[in-house]
């Protein structure tokens with residue numbers, strides 16, 4: 001099982017992404033990495049936990065909001081979306097702030 005700090009980073013990213021969703025924003029890997037002090041290339045495991053959590057919980061794919069600077073699309077590791085634009089609109093439309101906060105236990109449940 002990964003160390004707790006990886007899950008804690010995922011929860012930190014979750015909080016940033018629900019704010020971005022509320023404001024109908026997308027973030028590049030670079031911007032997200034700078035916000036939390038993790039190199040863009042180091043975000044994959046944290047985003048993977050969130051991607052899998054959303055899938056298990058039947059939530060819109062929140063990590064669709066993190067994109068590559070040049071392509072404007074999520075990286076190859078993002079495998080749970082079906083239609084980029086439709087899924088992004090589902091993320092924007094979901095009322096993330098009305099949900100109870102994500103916990104470490106919920107995030108770890110799938111691992």
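Structure data summary
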quantity: Scope the stretch 40-53; condition in a helix (DSSP H, G or I) and either buried (at least 20 other Cβ atoms within 10 Å of the Cβ) or without any contact (Cβ under 8 Å) to a residue 24 or more places away in the chain (or both); matching residues; calculated: 40, 41, 42, 46, 47, 49, 50, 51, 53
quantity: Flag for residue 72 being surrounded by fewer than 18 Cβ atoms within 10 Å (Cβ to Cβ), over 14 Å from the mean Cα position of the chain (by Cα) and at positive phi; calculated: yes
quantity: Residues of the stretch 79-108 classified as assigned to a helix (DSSP H, G or I) and either farther than 14 Å from residue 15 by Cα or in contact with a helix residue (DSSP H, G or I) (Cβ under 8 Å, 6 or more places away or on another chain) (or both), total; calculated: 17
quantity: Options 15, 25; residue that is surrounded by fewer than 15 Cβ atoms within 10 Å (Cβ to Cβ), assigned to a helix (DSSP H, G or I) and at pLDDT 95 or above; calculated: 15
quantity: Total residues in the stretch 64-78, condition more than 12 Å from residue 26 (Cβ to Cβ) and in contact with a helix residue (DSSP H, G or I) (Cβ under 9 Å, 6 or more places away or on another chain); calculated: 3
quantity: Residue match in the stretch 68-75 (condition: in contact (Cβ under 8 Å) with a residue 60 or more places away in the chain and out of contact with any strand residue (DSSP E or B) (no Cβ under 9 Å at 6 or more places or on another chain)); calculated: no
quantity: Flag if residue 62 is crowded, with 19+ Cβ neighbours inside 10 Å and under 17 Å from residue 107 (Cβ atoms); calculated: yes
quantity: Within the stretch 19-39, considering residues that are without any contact (Cβ under 8 Å) to a residue 12 or more places away in the chain and more than 13 Å from the chain's Cα centre (by Cα), the one nearest to residue 5 (Cα to Cα); calculated: 37
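The values are calculated or read from the model by the stated rules, or taken from the named source; none is laboratory data. Just so you know, these numbers come straight off a predicted model, no measurement behind them. Note that each Cβ is placed from the backbone with ideal geometry, even for glycine, and that neighbours are counted across all protein chains shown.
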